[in-house]
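Structure first, then comments.
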Amino acid sequence: MAVTLPPTMDAIGQSEVFLEFQERLSRVARVNRPVLLLGERGTGKELAAHRLHYLSGRWQGPFVALNCAALAPGLIESELFGHEKGAFTGAVERRRGRFELAHGGTLFLDELGCVPLEAQEKILRVVEYGSFERVGGQRPVQVDARLIGASNRNLLELAQCGRFKEDLLDRLSFEVLFVPPLRARREDIPLLAMHFAARMAQELGRRGVPEFSDAALETLCDYAWPGNVRELRNVVERAVYRAEDLVIEEIDLSPFRSPYEAPPPDAPAPPAAQLGLKEAVRRLEQSMLEEALAAARGSQQEAARRLGLTYHQFRGLYRKYKRRKP
């Protein structure tokens with residue numbers, strides 16, 4: 001039976017941190033036990049769960065995913081375990097839950113820390129005994145599904161303060177994998193950027209493969225990426241669609257910055273004579289650079305024109321005063 005892998009299976013990287021994580025993931029994929037994937041938002045926890053499934057002996061079975069944060073607490077139990085006809089108002093027929101749908105395969109529960117304690121008790125029973133009762137039901141339902149949980153929250157702290165069942169945490173933590181943030185694998189940024197850029201260009205119907213200027217690539221590699229790979233993809237795709245040719249010169253890291261926002265009031269500047277000539281010139285250059293960029297809404301080419309500089313002269317000034325992002 002041929003199985004087509006989903007498009008999200010393109011895990012890309014060559015850094016030591018990335019390859020080490022992939023090795024650990026591949027090793028535990030073959031063991032039919034629960035796995036916890038912990039990591040910041042945008043690091044690719046669902047992608048890792050997909051790989052765990054397709055590298056396991058269950059790869060021909062279903063892969064069922066549920067984002068527990070997307071449901072109201074009162075709906076999670078019915079979504080996970082299903083319900084019988086007449087179990088509550090609106091239950092006009094029996095409905096299978098995610099555990100039943102994942103029978104013979106893998107159930108991926110994202111944002112596991114959002115699951116209410118009552119539902120956690122039933123999840124624990126499924127993990128331990130492979131059975132549960134539908135909402136409104138009395139007969140046990142047998143199910144065989146491998147559970148993979150994920151969270152960007154500290155589940156151990158939640159358990160210590162009584163918001164997550166310690167018994168369930170013990171049962172789910174056969175293996176705990178920490179998905180590395182992008183800042184820990186900076187060597188992968190150029191490779192990922194080129195991948196996302198090529199895919200976006202293809203989506204736009206453009207011929208050729210986009211390239212990044214040295215300055216644009218430097219901006220990408222210097223940024224801290226709090227939103228990780230997901231944020232990088234958005235930034236790169238935005239840069240490709242805005243670019244007029246295949247060379248990406250400008251990177252917009254702040255799409256929510258309004259061009260109409262009033263600048264904050266400046267503190268009174270000391271007289272130039274007190275600063276010394278070099279410091280006064282430095283402050284003047286930096287101030288004019290920032291004002292030109294703001295007036296040009298981040299366009300470096302337009303800012304260079306406003307300052308009466310060539311683009312290369314502007315780039316030299318920009319590199320001189322560029323502040324690294326935190």
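Values in this text are rule-based calculations from the coordinates and carry no lab data. Quantities reported herein were computed from a predicted structural model and do not represent experimental measurements. All Cβ positions, even for glycine, are placed from backbone atoms using ideal geometry, and neighbour counts span all protein chains on display.
Based on Cβ point charges of +1 for Lys and Arg and -1 for Asp and Glu, what charge dipole magnitude is obtained for the chain about its Cα centre, in debye rounded to the nearest 20? Display every interim value, and only then the final one.
Numbers: 46 positive and 44 negative charges, 31 e Å.
Dipole size: approximately 140 debye.
Specify which residue in the list 135, 246, 114 is farthest towards the positive end of the charge dipole of the chain, using unit charges on the beta carbon of Lys, Arg (+1) and Asp, Glu (-1), about the Cα centre.
Of the listed residues, the answer is 246.
Taking GluC sites (Glu not before Pro) as candidate sites, keep only those in a DSSP loop with at most 13 other Cβ atoms within 10 Å, then name the longest stretch of the chain containing none of them.
Maximal segment without exposed cleavage sites: 94-243.
Please compute the modelled spin-label separation between residue 285 and residue 11, points set 7 Å along Cα→Cβ, answer in nm with one decimal.
It works out to 4.7 nm between the two label points.
Rounded to the nearest 5, what is the percent of antiparallel bridges among the DSSP beta bridges in the range 10-180?
Percentage antiparallel, nearest 5: 15.
Could you give P(r) for the chain, binned at 10 Å from zero, as whole percent values over all Cα-Cα pairs?
Computed distribution, short to long bins: 5, 20, 24, 19, 15, 11, 5, 2, 0.
If each residue of separation counts as 0.36 nm, what is the full-extension length gain between residue 320 and residue 211 once their alpha-carbon separation is subtracted?
Residue separation times 0.36 nm, minus the Cα-Cα distance, leaves 36.9 nm.
What longest range of the chain stays clear of loop-exposed chymotrypsin sites (Phe, Trp or Tyr not before Pro) (DSSP non-H/G/I/E/B, at most 12 other C-beta within 10 angstrom)? Numbers along the way, then the final one.
Values: sites that count: 88, 256, 260.
By the stated rule (loop sites, at most 12 other Cβ atoms within 10 Å), 89-255.
Per-residue ellipticity at 222 nm for the chain, helices alone: DSSP H runs ≥ 4 residues times -39500 (n - 2.57), over residue total, nearest 500 deg cm²/dmol?
Numbers: 14 runs with 144 residues, N = 326.
Taken over the chain, the calculation gives -13000 deg cm²/dmol.
Which ³J(HN,Hα) values, rounded to whole Hz and listed in residue order, are derived for the range 164-180 from phi using the Karplus coefficients 6.51, -1.76 and 1.60 in 6.51 cos²θ - 1.76 cosθ + 1.60 with θ = phi - 60°, glycine and proline given as x?
Running phi through 6.51 cos²θ - 1.76 cosθ + 1.60 with θ = phi - 60° gives 8, 5, 5, 4, 5, 4, 4, 6, 7, 9, 3, 9, 10, 10, 9, 6, x Hz.
Only bridges with both residues in the chain count here: give the DSSP antiparallel percent, nearest 5.
The antiparallel fraction comes to roughly 15 percent.
Taking the beta-carbon count within 10 Å as an exposure proxy, list 192, 55 from fewest neighbours to most.
Details: 192 19, 55 16.
Least to most surrounded, the residues fall as 55, 192.
Quick one: 278, 45, 165, fewest Cβ neighbours within 10 Å first, how do they rank?
Ranked by crowding around the Cβ, least crowded first: 278, 165, 45.
How far apart, in nm, are the 7 Å Cα→Cβ label points at residue 157 and residue 238?
2.9 nm
If you take the charge dipole of the chain about its Cα centre, with +1 on Lys and Arg Cβ and -1 on Asp and Glu Cβ, which of 102, 59, 184 is farthest toward its positive end?
Final value for the positive-end residue is 59.
Name the residue farthest towards the positive end of the dipole of the chain from the options 299, 145, 123, assuming +1 on Cβ of Lys and Arg, -1 on Cβ of Asp and Glu, about the Cα centre.
Positive-end residue among those listed: 145.
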